[in-house]
Amino acid sequence: MAHLKEERTFVIAKPDAVQRGLVGEIIKRFEQVGLKMVATKMTVVTPEHVEQHYTLDPEWRRVTGEKTIEGYRKKGLTPPSEDPLEITAAVLKGLKAYMTSGPIVCMVWEGAHAVKIVRKIVGATEPLSSDMGTIRGDYVLDSYQMADTDKRAVRNLIHASGSVKEAEDEMAHWFKPEEIIDYKLVQEQIVYAPEIDGLLGK
């Protein structure tokens, strides 16, 4: 069984993160908690690649549509459609326009509980609902309501995998195996070693 420190997750700094000069801040947050970047690249993505990314999970279209409809109802609003797949088609159209609007930075991060830690640092999907102290809570003022009014995807800076399985699928979609680097950081001795020793030079 692999050690928890070997868990990996996939992250995209979206076009708005790049344009607002926040990629360094995003990387800093992950590094400060003790995660290790093991892959990164900047790219301009095609609409087809974006659609493949969001539909790696065959249930994504249905689940996303159902969640969106539920979100409308919780706010006391009438959903634009009662058909989850019709809703998701509109969501996907907005996501493709958003994600292809400029360069993005794709990353793989490694460390104990990487998936959950990254999601915690990033914050809730809707920036308006994200707690202060999270990346989205600190740097974004967008909301589903504003995005819906403007008929676009919510601009929330980052994509982060929601589970270990999702991370594995997404890493394979965006990176070749040889692009993910296996290496050691000096700080891992402090973060993961059962005992910290040798620091005093004795």
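For this structure, a couple of remarks:
- Only listed residue being free of Cβ contacts under 8 Å to residues at least 24 places away in the same chain, among the hydroxyl-bearing types (Ser, Thr, Tyr) and within 21 Å of PHE30 (Cα to Cα), chosen from THR149, THR134, THR125: THR134
- Verdict on LYS41 being charged (D, E, K, R), buried (at least 16 other Cβ atoms within 10 Å of the Cβ), under 30 Å from ALA112 (Cβ atoms) and modelled with pLDDT of 95 or more: no
- Residue count for region 131-153, restricted to those that are at pLDDT below 95 and either under 22 Å from LYS41 (Cβ atoms) or in contact with an Asp or Glu (Cβ under 8 Å, 6 or more places away or on another chain) (or both): 2
- Screening the candidates THR100, THR55, THR88 for the property of being among the polar types (S, T, N, Q), surrounded by 14 or more Cβ atoms within 10 Å (Cβ to Cβ) and modelled with pLDDT under 95 yields one hit, THR88.
- When GLU31, GLU48 are checked against the criterion of being modelled with pLDDT of 95 or more, part of a helix (DSSP H, G or I) and in contact with a strand residue (DSSP E or B) (Cβ under 8 Å, 6 or more places away or on another chain), a single residue qualifies: GLU31.
- Across region 82-115, the number of residues qualifying as β-branched (Val, Ile, Thr) and either touching a Leu at 6+ places or on another chain (Cβ under 6 Å) or on the phi > 0 side of the Ramachandran plot (or both) comes to 0.
- Residues in region 1-27 that are assigned to a loop (DSSP other than H, G, I, E, B) and small (Gly, Ala, Ser): ALA2, GLY21.
The values are calculated or read from the model by the stated rules, or taken from the named source; none is laboratory data. This is a predicted model, so every value here is computed, not measured. Using ideal geometry, Cβ is built from the backbone for each residue, glycine included, and neighbour counts are taken over all protein chains shown.
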